[in-house]
Amino acid sequence: MSVETSVLARSKLFAGLGSNTANRLLKLADITRYEPRDFIIREGQRADSFFCVLQAYVRLFKTNEIGRAADIRICEPRDTFAEYLIGGGGVYAYNAQAAGNVALARFTIDGVRRLAQEDRALDRNIMQLMADHLLATMECVASDRLHTAPQRVANYLLSQCSAGKPSETVRLPYQKSLLAGKLGLAPEALSRAFGALKEAGVTVKGRTVRIDDIAALRQM
């Protein structure tokens with residue numbers, strides 16, 4: 001089994017599937033690759049596929065009529081996107097752009113829909129993925145309304161820390177511009193938020209973040 005196939009088999013899409021269905025689903029996967037900033041899908045484009053990230057990151061975002069962009073989610077390895085189209089709909093609701101040298105598993109919607117009709121376990125997995133994405137979106141909206149920019153950044157950093165440690169050094173998994181979009185912030189607002197966290201012992205050098213006092217950061 002290749003590294004990419006191994007990553008795919010550990011995704012939530014494959015959770016609990018019998019060997020027959022899992023093997024049939026693997027055969028439906030077409031591995032595709034993209035260079036940094038390549039568009040994978042475009043908002044409004046006719047849809048025939050959904051995707052699972054195998055390597056690097058994918059930025060999902062929407063644009064308005066004057067081209068202003070709003071990030072929706074940053075997809076990481078084993079994350080799926082556009083699987084909602086299995087339930088219906090003919091066009092992509094957002095743009096997807098490669099953030100790094102991306103490898104994806106591409107699945108045809110019709111092929112997976114037919115397989116899900118035969119196997120309830122796969123059907124449940126798809127429903128669970130859609131539910132997870134809905135709940136994550138609701139959490140994002142709530143965070144935007146309930147937390148200040150420094151609090152959003154603090155919460156993200158805390159999510160990257162190991163349990164029980166008084167301090168830690170964190171390596172951001174992607175560029176700060178992507179992190180800003182993930183947190184619903186403009187890049188300059190992210191910089192100001194990092195500055196506001198200095199009193200909690202947070203220092204930033206490139207993509208490396210040092211947290212001297214995790215307990216103080218939790219109080220922000």
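For residues that are free of Cβ contacts under 8 Å to residues at least 60 places away in the same chain, among the aliphatic types (A, V, I, L, M) and out of contact with any helix residue (DSSP H, G or I) (no Cβ under 7 Å at 6 or more places or on another chain), tally how many sit in region 164-187.
0
State which residue pairs qualify: first residue more than 16 Å from GLN45 (Cβ to Cβ) and inside region 87-109, second residue surrounded by fewer than 20 Cβ atoms within 10 Å (Cβ to Cβ) and β-branched (Val, Ile, Thr) in any location, beta carbons under 7 Å apart, and separation of 6 or more residues or different chains.
Once the first residue is more than 16 Å from GLN45 (Cβ to Cβ) and sits in region 87-109, its partners that are surrounded by fewer than 20 Cβ atoms within 10 Å (Cβ to Cβ) and β-branched (Val, Ile, Thr) give ALA103/ILE31; ALA105/ILE31.
Pairs please, first residue from region 131-145 and assigned by TED's automatic domain parsing to the domain that holds LEU60 and closer than 15 Å to LEU85 by Cα, second anywhere and acidic (Asp, Glu) and surrounded by 11 or more Cβ atoms within 10 Å (Cβ to Cβ), Cβ atoms under 9 Å, 6+ apart in sequence or on different chains.
Here the result reads HIS133/GLU83, each pair linking region 131-145 to a residue that is acidic (Asp, Glu) and surrounded by 11 or more Cβ atoms within 10 Å (Cβ to Cβ).
What are the residues in region 169-220 that are among the basic types (Lys, Arg) and either surrounded by 17 or more Cβ atoms within 10 Å (Cβ to Cβ) or in a helix (DSSP H, G or I) (or both), if any?
LYS176, LYS182, ARG192, LYS198, ARG218
With surrounded by fewer than 17 Cβ atoms within 10 Å (Cβ to Cβ), under 19 Å from LEU185 (Cβ atoms) and charged (D, E, K, R) as the only criterion, which of ASP123, ASP144 stands out?
Result: ASP144 is the single residue among ASP123, ASP144 that is surrounded by fewer than 17 Cβ atoms within 10 Å (Cβ to Cβ), under 19 Å from LEU185 (Cβ atoms) and charged (D, E, K, R).
Search region 1-41 for residues being aliphatic (A, V, I, L, M) and within 16 Å of the chain's Cα centre (by Cα), and hand back the single one that is farthest from ASP110 (Cα to Cα).
My answer is VAL7.
Report, by residue number, each residue of region 152-167 that is buried (at least 16 other Cβ atoms within 10 Å of the Cβ) and farther than 22 Å from LEU60 by Cα.
Scanning region 152-167 gives ALA154, CYS161.
Restricting attention to region 5-23, which residues are touching a residue at least 40 places away in the same chain (Cβ under 8 Å), part of a helix (DSSP H, G or I) and surrounded by fewer than 17 Cβ atoms within 10 Å (Cβ to Cβ)?
Listed by number, the list holds a single entry, LYS12.
With the structure loaded, tell me whether ILE126 is modelled with pLDDT of 90 or more and touching a Cys at 6+ places or on another chain (Cβ under 8 Å) or whether it fails that test.
Against the criterion (modelled with pLDDT of 90 or more and touching a Cys at 6+ places or on another chain (Cβ under 8 Å)), ILE126 does not qualify.
Here is a yes/no grid of residues against (1) over 13 Å from the mean Cα position of the chain (by Cα); (2) among the small types (Gly, Ala, Ser); (3) in the same structural domain as ILE31 (by TED's automatic domain parsing); (4) not in a helix (DSSP H, G or I):
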position	(1), (2), (3), (4)
ILE66	yes, no, yes, yes
ILE72	no, no, yes, yes
TYR84	yes, no, yes, no
GLN97	no, no, yes, yes
GLY100	yes, yes, yes, yes
ALA105	yes, yes, yes, yes
ASP110	yes, no, yes, no
ARG114	yes, no, yes, no
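Quick one: LYS62 ticks every box in (1) closer than 24 Å to SER143 by Cα; (2) charged (D, E, K, R); (3) assigned to a helix (DSSP H, G or I) except a single one, so which number is it?
(3)
If a residue must be among the polar types (S, T, N, Q), in a helix (DSSP H, G or I) and either closer than 14 Å to ASP79 by Cα or without any contact (Cβ under 8 Å) to a residue 40 or more places away in the chain (or both), how many such residues does region 146-163 contain?
2
The values are calculated or read from the model by the stated rules, or taken from the named source; none is laboratory data. Bear in mind that the values here come from a model prediction, so they are computed numbers and not experimental data. Counting neighbours? That spans all protein chains shown, and the Cβs are built from the backbone with ideal geometry, glycine included.
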